[in-house]
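Down below is the structure, laid out as C-alpha cells.
The values are calculated or read from the model by the stated rules, or taken from the named source; none is laboratory data. A quick note: this is a predicted structure, and the numbers were derived from the prediction, not measured. Here the Cβ positions follow ideal geometry from the backbone for every residue, glycine too, while neighbour counts run over all protein chains shown.
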Amino acid sequence: RKEVEQDPGPFNVPEGATVAFNCTYSNSASQSFFWYRQDCRKEPKLLMSVYSSGNEDGRFTAQLNRASQYISLLIRDSKLSDSATYLCVVNPADSSYKLIFGSGTRLLVRP
Amino acid sequence: SAVISQKPSRDICQRGTSLTIQCQVDSQVTMMFWYRQQPGQSLTLIATANQGSEATYESGFVIDKFPISRPNLTFSTLTVSNMSPEDSSIYLCSVEGGATNEKLFFGSGTQLSVL
C-alpha cells in the first residue's frame, strides 16, 4: 500500500463547478498535512496546510479526518487558472522534513 | 519564504555523461533537499544536504551516482553521474520554511532528458 494515495484523475469540470479531491495516508501517527499545487513543468508550490479543525482560504477548503486517515480539498467556483495537478503531502511523525508526496490529482477546468 | 534559484532549468544530455545542478538560496538554511520527479510520478527524496557533513541518502540512491556538495549555508549542487535514459526526470532542490520549518519550498526544477 502506498504511503499517500490519490486518485490521479483527470477531473474535467466546467468553469464555476465545485470539485473535491480526496487523499488517504497509511501512517496513523502522521502529524502534518498539506496540499501543494504543481503546474505543468513547474515546481510544486504550497497551496495550503491542513489542520484538524479544517481550514478555508477563499475558494479552497481543506479537511482532515484522522479517524479515517484521509484529507480532502474542495475547490468552489472553479476557474480556468485552477487547472493543475494537486499533490497531497504528509509529514510522518518521525521527521520534520521528510515529506511524503502523493502522485497527484490532475484537474482540468474547461470554459 | 526563501527565494531559491536553480539552474540549469533544462538540459539534454548524452548517455554516459554527467550533469551538475546548482541551487542557490537567498538566506542561510540548515538543510537542503534534493528530489526527483520521474515522468508521471510524484516526488521522491534523493538526499538531504547539510553544510559541513556528507549528504544523507535515501534508500535506492547512492553517493557515487548522485554526489552532492554543500559548501555553505546558501548553496548546494547535485550531480547526476554516468547518465542513462532512466535518469530522465525533473530534479528539484528545496528548503524548509514556515513557522516550525514543517513546509518545503522548491526551486524551479531542472528538467533532464538523457538520450
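Looking at region B:50-61, can you tell me whether even one residue there is of a type outside the set (Asp, Glu), in contact (Cβ under 8 Å) with a residue 12 or more places away in the chain and in a strand (DSSP E or B)?
Looking for residues that are of a type outside the set (Asp, Glu), in contact (Cβ under 8 Å) with a residue 12 or more places away in the chain and in a strand (DSSP E or B), one finds at least one in region B:50-61, hence yes.
Would you be able to say whether some residue in region B:30-50 is more than 14 Å from the chain's Cα centre (by Cα) and either among the small types (Gly, Ala, Ser) or on the phi > 0 side of the Ramachandran plot (or both)?
So far as region B:30-50 goes, yes, one or more of its residues are more than 14 Å from the chain's Cα centre (by Cα) and either among the small types (Gly, Ala, Ser) or on the phi > 0 side of the Ramachandran plot (or both).
If we only count strands (runs of 3 or more DSSP E) wholly inside region A:25-66, which ones have 1 or more residues that are under 16 Å from residue B:41 (Cα atoms) and charged (D, E, K, R)?
A:32-38
Condition first: buried (at least 19 other Cβ atoms within 10 Å of the Cβ), more than 14 Å from every other protein chain (Cβ to nearest Cβ) and not in a strand (DSSP E or B). Can you find one or more residues in region A:69-80 that meet it?
Scanning region A:69-80 turns up at least one residue that is buried (at least 19 other Cβ atoms within 10 Å of the Cβ), more than 14 Å from every other protein chain (Cβ to nearest Cβ) and not in a strand (DSSP E or B).
For the list (1) out of contact with any Leu (no Cβ under 7 Å at 6 or more places or on another chain); (2) under 28 Å from residue B:95 (Cβ atoms), I need the number of the one condition that residue A:74 fails.
With respect to (1) out of contact with any Leu (no Cβ under 7 Å at 6 or more places or on another chain); (2) under 28 Å from residue B:95 (Cβ atoms), residue A:74 is out only on (2).
Taking residue B:29 and the conditions (1) touching a residue at least 60 places away in the same chain (Cβ under 8 Å); (2) within 14 Å of another protein chain (Cβ to nearest Cβ); (3) out of contact with any Cys (no Cβ under 8 Å at 6 or more places or on another chain); (4) surrounded by fewer than 14 Cβ atoms within 10 Å (Cβ to Cβ), which numbered condition does it fall short on, given that it satisfies the others?
Tallying (1) touching a residue at least 60 places away in the same chain (Cβ under 8 Å); (2) within 14 Å of another protein chain (Cβ to nearest Cβ); (3) out of contact with any Cys (no Cβ under 8 Å at 6 or more places or on another chain); (4) surrounded by fewer than 14 Cβ atoms within 10 Å (Cβ to Cβ), residue B:29 fails exactly one: (4).
Look at residue B:57 and say whether it is buried (at least 17 other Cβ atoms within 10 Å of the Cβ), in contact with a Leu (Cβ under 7 Å, 6 or more places away or on another chain) and of a type outside the set (Lys, Arg).
no
Restricting region A:93-111 to residues that are modelled with pLDDT of 95 or more and of a type in the set (A, V, I, L, M), which is surrounded by the fewest Cβ atoms within 10 Å (Cβ to Cβ)?
Taking the candidates together, the pick is A:108.
Yes or no: residue A:9 part of a loop (DSSP other than H, G, I, E, B) and under 30 Å from residue B:9 (Cα atoms)?
So residue A:9 passes the test.
Is it true that residue A:90 is surrounded by 15 or more Cβ atoms within 10 Å (Cβ to Cβ), more than 26 Å from residue B:44 (Cβ to Cβ) and aliphatic (A, V, I, L, M)?
Here the answer is no, as residue A:90 does not meet what is asked.
Looking only at residues that are assigned to a strand (DSSP E or B) and more than 14 Å from every other protein chain (Cβ to nearest Cβ) in region B:77-111, which one is surrounded by the fewest Cβ atoms within 10 Å (Cβ to Cβ)?
This residue is B:79.
Being loosely packed, with under 15 Cβ neighbours inside 10 Å and of a type outside the set (Gly, Ala, Ser) narrows it down to one residue among B:14, B:51, B:37; which is it?
B:14
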